[in-house]
Amino acid sequence: MKKIIVALMCVWGLPLLACEGCLKKNIGQTVTGNGIVATFKAKLGDFGFLDGQFNTPSRLGITGDSLWVVDSLNKRIQRIRSNGVFEFSFKTILNEDGEASVMDTPVGIAINPRGSVYVTDMGESTLNVFDTLGKFQKTLGKFGNSGLSFNQPQAVSVDSQGNLFIADTNNHRIVQLDETGKKILTIPSSEGQLKYPIDVAVLPNGDIWVLDEVGLKQYSPSGRFLKVLRTFNAATALDIDSQQRFFVANPSSGNIIVLNTKNETLLTLTEPLKKPLDVLIANKHLYITDIGYHAVLIYQLK
């Protein structure tokens with residue numbers, strides 16, 4: 001049963017708009033945990049189809065002061081400044097014959113050190129490559145389970161060398177590619193009983209952390225299963241900060257949990273969160289896509 005995907009699709013596209021006044025009242029709200037303080041600073045965007053508006057924002061990327069927001073059901077990527085100023089958007093891809101179309105259901109995004117932008121298209125089961133101006137470069141993969149193929153891939157991450165790690169969700173595996181698209185490694189479903197992986201993150205030491213239907217799992221750089229750090233029910237996103245603290249988003253419970261490598265809970269963020277789908281840590285801030293607001297929420301971290 002495709003529990004994770006079904007859970008996401010049940011809320012995608014619904015205008016789950018929350019009280020604007022409640023958000024304004026929460027600006028400046030501070031939550032203190034064990035060695036971490038999070039202060040709610042801003043909300044960017046709302047439900048809609050215009051520039052700077054979103055219809056189910058899923059994953060986030062960042063370069064400098066610019067956020068790359070995967071605006072999934074508007075079938076586009078939007079780049080906006082962290083102060084909310086819209087920069088540009090893009091959605092056009094080309095097929096093998098050079099004919100233009102738009103992405104079907106973009107979900108994941110990652111930007112490598114040399115500026116290539118990678119976007120997973122869950123609807124087409126592909127990985128599209130763009131430059132930093134949104135110009136289409138190429139498509140990697142196709143629907144399937146052999147060779148360079150995917151089945152509803154969701155998250156994509158990149159390491160410091162430019163290698164790509166794709167959560168190939170319905171193939172129950174993690175696929176590692178170099179930046180040219182050559183396959184390097186596959187972590188199969190048999191390794192640690194990997195089931196519907198939905199997010200993946202890589203540490204500087206090469207360890208691979210995967211969020212799947214069971215929970216948060218650790219793998220070695222060679223793809224060997226090491227352990228389950230914690231079980232989660234329907235969690236959707238993971239990011240890891242420089243202190244190896246894990247930020248896990250769960251839209252079904254409406255919270256973000258922060259834990260350490262000892263599986264100790266350091267902080268739980270709830271209100272004003274509604275349905276947090278993705279988390280991104282950068283520049284001493286926590287960026288969250290929340291599909292309850294169809295917006296990006298920003299916390300300052302100390």
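The values are calculated or read from the model by the stated rules, or taken from the named source; none is laboratory data. Since the model is a prediction, treat every value here as computed from it, not as a measurement. Note that each Cβ is placed from the backbone with ideal geometry, even for glycine, and that neighbours are counted across all protein chains shown. Please note that ligands, DNA and RNA were not included when accessible areas were found on the heavy atoms of the full protein model with its side chains. Shrake-Rupley method; radii C 1.70, N 1.55, O 1.52, S 1.80 Å.
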| query | Counting only residues that are exposed (fewer than 14 other Cβ atoms within 10 Å of the Cβ) and touching a Gly at 6+ places or on another chain (Cβ under 9 Å), which one in the stretch 79-91 is farthest from F136 (Cα to Cα)? | reply | V85
| Residue check: is A235 open to solvent by less than 50 Å² (accessible area, probe 1.4 Å) and either of a type in the set (V, I, T) or touching a Phe, Trp or Tyr at 6+ places or on another chain (Cβ under 9 Å) (or both)? | no
| request: Could you grab the pairs with beta carbons closer than 7 Å, sequence gap of 6+ or different chains, first residue in the stretch 198-216 and on the phi < 0 side of the Ramachandran plot, second one open to solvent by 10 Å² or more (accessible area, probe 1.4 Å) and among the basic types (K, R)? | output: D212/K195; E213/K3; E213/K195; V214/K195; L216/R230
| request: Might you check whether a residue that is among the polar types (S, T, N, Q), open to solvent by 60 Å² or more (accessible area, probe 1.4 Å) and either under 19 Å from V200 (Cβ atoms) or assigned to a loop (DSSP other than H, G, I, E, B) (or both) occurs anywhere in the stretch 268-286? | output: yes
| said: For the stretch 180-196, which positions are of a type outside the set (S, T, Y), out of contact with any Gly (no Cβ under 6 Å at 6 or more places or on another chain) and open to solvent by less than 50 Å² (accessible area, probe 1.4 Å)? | reply: G181, G192, L194
| query | Does I208 satisfy the condition of being touching a helix residue (DSSP H, G or I) at 6+ places or on another chain (Cβ under 8 Å) and under 21 Å from V107 (Cα atoms)? | reply | no
| Which numbered condition trips up D199, out of (1) among the charged types (D, E, K, R); (2) buried (at least 21 other Cβ atoms within 10 Å of the Cβ); (3) out of contact with any Leu (no Cβ under 9 Å at 6 or more places or on another chain)? | (3)
| task | For G215, state whether it is surrounded by fewer than 21 Cβ atoms within 10 Å (Cβ to Cβ), touching a Pro at 6+ places or on another chain (Cβ under 9 Å) and more than 30 Å from N95 (Cβ to Cβ). | result | no
| query | Which one is surrounded by the fewest Cβ atoms within 10 Å (Cβ to Cβ) among residues in the stretch 96-152 that are small (G, A, S) and under 25 Å from I62 (Cβ atoms)? | reply | G115
| Can you name every residue in the stretch 239-263 that is open to solvent by less than 20 Å² (accessible area, probe 1.4 Å) and on the phi > 0 side of the Ramachandran plot? | G254
| said: Take V69 and tell me if it is under 23 Å from N26 (Cβ atoms) and over 20 Å from the mean Cα position of the chain (by Cα). | reply: no
| query | Would you pick out the residues in the stretch 32-51 that are touching a residue at least 60 places away in the same chain (Cβ under 8 Å), of a type in the set (F, W, Y) and open to solvent by 20 Å² or more (accessible area, probe 1.4 Å)? | reply | F47
| said: Which of the strands (runs of 3 or more DSSP E) found entirely inside the stretch 74-133 contain at least 1 residues meeting this: in contact with a helix residue (DSSP H, G or I) (Cβ under 9 Å, 6 or more places away or on another chain)? | reply: 86-90, 106-111
| Out of all the residues in the stretch 188-201, which are in contact with a Phe, Trp or Tyr (Cβ under 6 Å, 6 or more places away or on another chain) and either closer than 15 Å to Q244 by Cβ or not small (G, A, S) (or both)? | E191, V200, A201
| Any residue at all in the stretch 52-72 that is of a type in the set (K, R), part of a strand (DSSP E or B) and surrounded by 22 or more Cβ atoms within 10 Å (Cβ to Cβ)? | yes
| remark: Going through the stretch 287-298 in order, the residues found to be crowded, with 22+ Cβ neighbours inside 10 Å and in a strand (DSSP E or B) are Y287, I288, T289, D290, A295, V296, L297
